[in-house]
There are 2 protein chains.
Amino acid sequence: MKSELSTFFDRVLPDVDASLDNLLPSGTTPPEKIHQAMRYSVFAGGKRLRPALCIAGFALYESNWTAVLPVASAFEMIHTYSLIHDDLPAMDDDDFRRGLPSCHKKFGEATAILAGDALLTLAFEVLAGIDAFPPERTLRVISMLARASGSESGMIAGQVFDIEAEGSPIDRVDVERIHRSKTAAIITAAVTAGAFLGGAKEPELGSVRVFGERIGLAFQIVDDILDETASSETLGKTGGKDRDQAKATYPALHGLERSRAIVRELTEQARAAIRPLGTRSEVLLSIADYLETRSH
Amino acid sequence: MKSELSTFFDRVLPDVDASLDNLLPSGTTPPEKIHQAMRYSVFAGGKRLRPALCIAGFALYESNWTAVLPVASAFEMIHTYSLIHDDLPAMDDDDFRRGLPSCHKKFGEATAILAGDALLTLAFEVLAGIDAFPPERTLRVISMLARASGSESGMIAGQVFDIEAEGSPIDRVDVERIHRSKTAAIITAAVTAGAFLGGAKEPELGSVRVFGERIGLAFQIVDDILDETASSETLGKTGGKDRDQAKATYPALHGLERSRAIVRELTEQARAAIRPLGTRSEVLLSIADYLETRSH
């Protein structure tokens, strides 16, 4: 399993990086500074989880994933914008990201705000420019991405809930709502959009959606656990920050052991959801295994 | 002319406001605070110039403009997001907007950043959800809006050029580039998208585009002139700020008289561009007249 996953990532990641390199304005395109800032954050060593999930969803149905690369790249742009804005002094105020100075530390706060805005905008420009799929499908993917990023049940909602929960008493419903909107929504959209563009129809599309929801929630809980247990050096960002900021996390609410058990349960539910797809689902299954056991 | 324009605005503005009210999450939708912040800024008394231009472009071809209202509203969302982010302490640091506390003064900086992000995201969600036009047309309008908002030649590029120009020696090419990208691009996109969805084809679409570019540039020059000459009370924001911040403006470069002459020239070019459209163009012509002579 593990080696199949390595093979998948070895094949996918260079394609994703080449696509991002191709879609992002060059660092010599005026105004240079913002394009350098966008590239700095996009190429700062992310795991490319969302693009990989988008491609793996597509690859359930189509072995040549070239057509879906711009979509996978758009998801990474949205993810990167959210990290840039989350790190700002007015938000989580984090000086480091993936072991490097965060965007505003490197380029200044104004440029970081605008670089985030520009990545968000470019993601939609890229999607709107795709002509490899029927236009009504592309429109539906734009809707999926926008909702998963938005203020009602998407990433922005999650960030607001998260800020509001800081230092307040929280319960299980609160923290699950934060994690679902802040992290799981966009992960779900990535794998679902890939499968949808590959040609998935209900009920298989629904199975893929459930898979995304479960691994998305598990992913954020693992993040919380690692923030408690791993060193800042391993994380590439400041560890233990969640506790210092009294963030709403699973370990804060349930303790580490119960949090780990919840991750196992969610991952098992994710596996069960896509088991009916048979051997096609092997890459997604091994991504779920990797996310459950990752150490950074 | 003037009274025809009033009639147009009297008919259009309630429709635009109703559409925005309908499209924006209510102030009681969780997370409440961000939705209240989005609504606060959207309903803070803007002129609705971009929606009006979008509708006027559409109305060149279709007398019932109901179908284009979500598109017009998306342009206003993008405009409002840009004002919220421009006002941030790290950017122009403006405490007032349209006579009211700016979004970050009222709701805090984190919420203002996220409210801007959410309006930008919602604009694309709204466009992607439109089914009144052939999907390939809707996709093209999403492309137009994204490019006009983006970091290469759109609003974000203009904001970066503007920040970089502060306090530096500027020439005519610089300041025109700033104004074209920062303000004219989105105004051009609004009227062009409206005409395109109404059914405009080349060469008429090109005429509408030229009209938009000329009035867009003129609009920003008038803004610069008013910043020099009008009181803060009339403007509803801090007057004289451009000079204090050594912003790149037409009055700074050319003086007030020459700037006024440039506005007249641009407005005449705008009028000339759409004159071939005949009586259909009367609303657009009177918008051009209004923009040339406005006092706030």
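Relative to the other identical copies, B:Gly27 shows label-point distances of 4.7 nm, where the label point lies 7 Å from Cα along the Cβ direction and values run shortest first. Label-to-label distances for A:Thr238 across copies, nearest first, come out at 2.9 nm, using points 7 Å from Cα in the beta-carbon direction. The protein assembly as shown has equivalent-ellipsoid semi-axes of 43, 26, 21 Å, by the square roots of 5 times the alpha carbon gyration tensor eigenvalues, sorted largest first. Within the shell of other residues whose beta carbon sits under 13 angstrom from the beta carbon of A:Trp65, the net charge comes to -1, with Lys and Arg scored +1 and Asp and Glu -1.
Shown for B:Arg39, A:Arg50: other C-beta atoms within 10 Å of each C-beta, ranked fewest to most, produce the order B:Arg39, A:Arg50.
Checking the cross-link pairs A:Lys106/B:Lys33; A:Lys106/B:Lys247; A:Lys201/B:Lys201; A:Lys106/B:Lys182 against a 27 Å limit on the alpha carbon distance flags A:Lys106/B:Lys33; A:Lys201/B:Lys201 as lying beyond it. Using only side-chain charges placed at the Cβ, +1 for Lys and Arg and -1 for Asp and Glu, the dipole size of segment B:2-293 relative to its Cα centre rounds to 540 debye.
Would you tally the net charge around A:Glu164, using a Cβ to Cβ cut-off of less than 10 Å, leaving A:Glu164 out, and scoring K and R as +1, D and E as -1? That works out to -3. A simple rule links phi to the HN-Hα coupling: the Karplus curve 6.51 cos²θ - 1.76 cosθ + 1.60 with θ = phi - 60°, which for segment A:280-293 gives 4, 7, 4, 5, 4, 4, 6, 5, 4, 4, 4, 5, 5, 10 Hz, with x for Gly and Pro. Grouping the Cα pair distances of segment B:198-296 into 5 Å bins from zero gives a pair-distance distribution of 2, 13, 22, 19, 15, 11, 8, 6, 2, 0 percent in increasing distance order.
Ellipsoid fit via the Cα gyration tensor, chain B: semi-axes of 27, 26, 17 Å, each the root of five times an eigenvalue, largest first. Determine the shape class of segment B:141-208: with a ≥ b ≥ c the square roots of the Cα gyration tensor eigenvalues, call it rounded for a/c under 1.5, and otherwise prolate if a/b is greater than b/c, oblate otherwise. It comes out prolate by the Cα gyration axes.
Remark: segment A:1-51 projects, on average over all directions, an area of 3.7 nm² (convex hull of Cα atoms). Rg over Rh for segment A:53-162 works out to 1.03, using Cα positions for both radii and the Kirkwood form for Rh. When chain B is treated as a GNM with alpha-carbon contacts under 10 Å, the residue of B:His85, B:His104, B:His254 showing the greatest mean-square fluctuation is B:His254. The string of couplings for segment B:21-29 from the Karplus curve (6.51, -1.76, 1.60, θ = phi - 60°) is 4, 6, 7, 7, x, 5, x, 9, 7 Hz, one whole number per residue in order, with x for Gly and Pro. Centre-to-centre, using Cα atoms only, segment B:81-156 and segment A:1-57 are separated by 25 Å. Can you give me the relative contact order of chain B as a percent, contacts being Cα pairs under 8 Å and 6 or more apart? Relative contact order of chain B: 20 percent. If we count every other residue with Cβ under 15 angstrom of A:Val16's Cβ, Lys/Arg +1 and Asp/Glu -1, where does the sum land? Taking every other residue near A:Val16 into account, the sum is 0. The same position B:Ala132 in the other copies lies at 3.3 nm from this copy, comparing label points 7 Å beyond Cα toward the beta-carbon, shortest first. Estimated from helical segments only, the mean residue ellipticity of the protein assembly as shown at 222 nm is -22000 deg cm²/dmol, where each DSSP H run of four or more residues counts as -39500 (n - 2.57). The H on the amide N of A:Gly150, modeled in the peptide plane, is under 5 Å from the matching H of A:Met155, A:Ile156, each at least 5 residues off or on a different chain. Per-residue 3J(HN,Hα) values for segment B:100-107, derived from phi via the Karplus relation 6.51 cos²θ - 1.76 cosθ + 1.60 with θ = phi - 60°, read 10, x, 5, 3, 6, 5, 7, 10 Hz in sequence order (x marks Gly and Pro).
Any read-out appearing in this document is the output of simple, stated calculations on the displayed coordinates, not a laboratory observation. Computed from a predicted structure; not experimentally measured. Here the Cβ is made from the backbone with ideal geometry for all residues, glycine too, and neighbour counts use every protein chain on show.
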